[in-house]
Amino acid sequence: MLETKLVSQLKKIIGKEGVLTAKEDLNAYSYDGTTTWAHMPDVVVLPTTTEQVSQVLKLANENKIPVTPRGAGTNVSGGSIPIKGGIVLCTTKLNKILDINKTNLTATVEPGVVLQNLNMALAKQSLFYPPDPQSFLGCTMGGTVAENAGGPYCVKYGVTKQYLLGLEVVLANGYIMKLGGVTVKNRTGYELVMLFTGSEGTLGVITKITVRLLPMPPASKTMMAVFDDMAVGGQAVSDIMASGVVPAKVEFVDNFVIRRIEEMTPMGLPVEANALLLLQADGSSAAVEADSEQIIDILKKSGAKEVKVAKDANEAAMYWKMRSGGFAAVFGAAHTVMAEDVAVPRDKLAEFIHKLGEISKKSGFFIQFLGHAGDGNLHPSIFTDMRNEEEFARAQKTMAEIFRAAMELGGVLSGEHGIGLEKQRFLKEAMDPVAIDIMRKIKGIVDPNNILNPGKIWEEEGV
Ligand SMILES: Cc1cc2nc3c(=O)[nH]c(=O)nc-3n(C[C@H](O)[C@H](O)[C@H](O)COP(=O)(O)OP(=O)(O)OC[C@H]3O[C@@H](n4cnc5c(N)ncnc54)[C@H](O)[C@@H]3O)c2cc1C
């Protein structure tokens, strides 16, 4: 519990309406997109200016109160769980699009801007911001920077970090720091914009973001390839990526999701298929025609049973809706859904899929998966019930085997969801100990009192 005096000071900074203390309000900020983590904050603040963020952090720092930054709370790694209590600093009222500059091809936004709202504003001017986490209807720009989020478009266009030009960050002591700017090139000092990108709320609160934009691609074509065998679908992805063509999107969907989506929103999906690849080519009309011809040819040679081309924009939108609903469709399938995230080299997809099959057989757990296959990024899920301790322990062990299988193939512990609470116990297996030590030291420099999102990323050993 925070002292009444501190809550009064927060109210003085933000105004009464921006400080929540009622139990039912606090409950709404106690969880995120995972089904395994929850912790109540003592208080939630909803600042409307950078100055307010600065004053809150100053107060928290002086009193050594934990502060967990939060956008929409859609992360799936426990990142925005206030595991040590204290203050949740939620950015959803810092939600202005400050500038869209069509001639410089940049946009500057506050962190609480919902990605879809930015996309809609850009579309009016035929502009395009590619990073597209499939939570785009709800996730905030601040959350996407703090997680360095990716999505289907990232095969061709890269992830969030490839678009960041400038940030305003409030440090733990309240100092408002400006990094980078509005130029596409900038080689002034260390790349500190990158330091805060993917920092999961542990180094500072991001209060302004400048991103570079692209012109909207003039044409696109969506294709859906049907496979009887999941590993054959994985190999097809490797074949496409090795062929010289660069598709805009290559997504993998397994039979579980195909059936689940078809149950919820019938759209004539091939429910008997073991896997679907959903692909998009974009660019000029001529490039789209040439690329999709090459992609379809490879898909057929790689063993696709059928390749369907979306006949118009509506059909394409329907397929992509199926994909964006895919991850959400997995949640709700069991009391506890361990929905994870690993990435493997793109030429190891088929091998990894085989490995998942072996792990599933050995453990007895069904392993569902889908993901951004063009990036080698898959989301394996295990359905379990954490109330059954014995089963949950086995599920955790099985998931650990999946992480290790990915890493043994040269892959990584997280492709895009981050470490948060979910994966901190595996960090030592995934990172050089000296690199972990450097991270701790950086944390110690910018946040010496360890108030920002404490208890995340690495296991605490007297940070
Ligand atoms: C259905 C579904 C689909 C998803 N699909 C994808 C996907 O395709 N790709 C992908 O990458 N992720 C995906 N995610 C995960 C998640 O949506 C992303 O990580 C997203 O970027 C989180 O944004 P948010 O606003 O919800 O952030 P939150 O969940 O609120 O926070 C995420 C982290 O960022 C920190 N943070 C938030 N705002 C700030 C700030 N202003 N300053 C500093 N730190 C901050 C928090 O402390 C926390 O550690 C998906 C999640 C769901 C539920």
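Since every read-out is calculated from the coordinates, none of them should be taken as a lab result. This one's a predicted model, so the numbers in the text were calculated from it and none came from an experiment. Every residue, glycine among them, receives a Cβ derived from its backbone with ideal geometry; neighbour counts consider all protein chains shown.
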Exercise for the section: Return the distance in nm (one decimal) between the two label points of a simple spin-label model at Asn119 and Glu17, each offset 7 Å from Cα along Cα→Cβ. Expected result: 3.0 nm
Practice task
Evaluate the relative contact order of the chain (contact order divided by residue number), counting alpha-carbon pairs under 8 angstrom at least 6 apart; express in whole percent.
Solution key: 16 percent
Exercise for the section: Determine, from the Cβ-Cβ distance of Asp312 and Asp432 and an R0 of 60 Å, the FRET efficiency 1/(1 + (r/R0)^6), rounded to the nearest 0.05. Expected result: 0.75
Completion exercise
Longest principal axis of the chain (C-alpha) makes with the long axis of helix 230-242 (C-alpha) an angle, in degrees to the nearest 10, of 80 degrees
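Taking a quarter of the surface of the convex hull around the Cα atoms of the stretch 339-403, what do you get in nm²?
Values: hull surface 15.7 nm².
Mean projected area of the Cα convex hull: 3.9 nm².
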Practice task
Quick one: Debye curve from the alpha-carbon atoms of the stretch 231-331 only, equal weights, vacuum; give me log10 I(q)/I(0) at q = 0.18 Å⁻¹ to two decimals.
Solution key: -0.88
Practice task
Kindly provide the helix-only [θ] at 222 nm of the chain, computed as the sum of -39,500 (n - 2.57) over DSSP H runs of four or more divided by all residues, to the nearest 500 deg cm²/dmol?
Solution key: -11000 deg cm²/dmol
Handout entry: Fewest-first ranking of Met177, Met230, Met120, using other Cβ atoms within 10 Å as the exposure measure
Key = Met120, Met177, Met230
Practice task
Give the relative contact order (percent, whole number) for the stretch 345-463; include only Cα pairs under 8 Å separated by 6+ residues.
Solution key: 20 percent
Exercise for the section: Work out how much length Glu408 to Asp25 would gain on full extension: take 0.36 nm times their residue separation and subtract the Cα-Cα distance, in nm to one decimal. Expected result: 133.5 nm
Practice task
Taking the Cβ of Pro247 as the centre, find all other residues whose Cβ is under 9 Å away and add up their charges (Lys, Arg: +1; Asp, Glu: -1).
Solution key: 0
Exercise for the section: Could you point to the residue in Thr160, Ser363, Val211 farthest towards the positive end of the chain's charge dipole, with +1 and -1 charges on the Cβ of Lys/Arg and Asp/Glu respectively? Expected result: Val211
Practice task
Give, in whole angstrom and from largest to smallest, the semi-axes √(5λ) of the equivalent ellipsoid of the stretch 203-262, with λ running over the eigenvalues of the Cα gyration tensor.
Solution key: 31, 19, 14
Fill in the blank from the handout: Out of Phe426, Ile298, Pro69 - ranked by how far each Cα lies towards the positive end of the dipole of the chain, with unit charges on the beta-carbon of charged residues - the top one is Pro69
Handout entry: Size of electric dipole in the chain: Cβ of Lys, Arg +1 and of Asp, Glu -1, about Cα centre, debye, nearest 20
Key = 1180 debye
Completion exercise
Treating only Lys and Arg (+1) and Asp and Glu (-1) as charged, each at its beta carbon, one finds that the stretch 331-446 has a dipole about its Cα centre, in Debye to the nearest 20, of 240 debye
Exercise for the section: May I ask you to evaluate 6.51 cos²θ - 1.76 cosθ + 1.60, the Karplus curve with θ = phi - 60°, for each residue of the stretch 147-156 and list the ³J(HN,Hα) values in order in whole Hz, giving x for glycine and proline? Expected result: 9, 6, 5, x, x, x, 5, 6, 4, 8
Problem - Model label zone, Asp229; criterion: amide N under 17 Å from point 7 Å along Cα-to-beta-carbon; scope the stretch 278-304 - result: 299-304
Fill in the blank from the handout: Farthest towards the positive end of the dipole of the chain, among Met386, Thr144, Ala273 and with Cβ unit charges of +1 on Lys and Arg and -1 on Asp and Glu, lies the Cα of Thr144
Handout entry: Electrostatic dipole magnitude of the stretch 102-209 [Cβ: Lys, Arg +1; Asp, Glu -1; Cα centre; debye, to 20]
Key = 400 debye
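Out of all Cα-Cα pairs in the chain, roughly what percent, to the nearest whole number, are more than 36 Å apart?
The proportion of pairs with Cα distances above 36 Å equals 29 percent.
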Completion exercise
Computed ³J(HN,Hα) along the stretch 403-413: with the Karplus parameters 6.51/-1.76/1.60, θ = phi - 60°, integer Hz and x for glycine or proline, the list is 4, 5, 4, 5, 5, 5, 8, x, x, 10, 5
Completion exercise
Residue by residue through the stretch 47-57, the couplings from Karplus 6.51 cos²θ - 1.76 cosθ + 1.60 with θ = phi - 60°, in Hz, x for Gly and Pro, are x, 10, 9, 4, 4, 5, 4, 4, 5, 5, 5
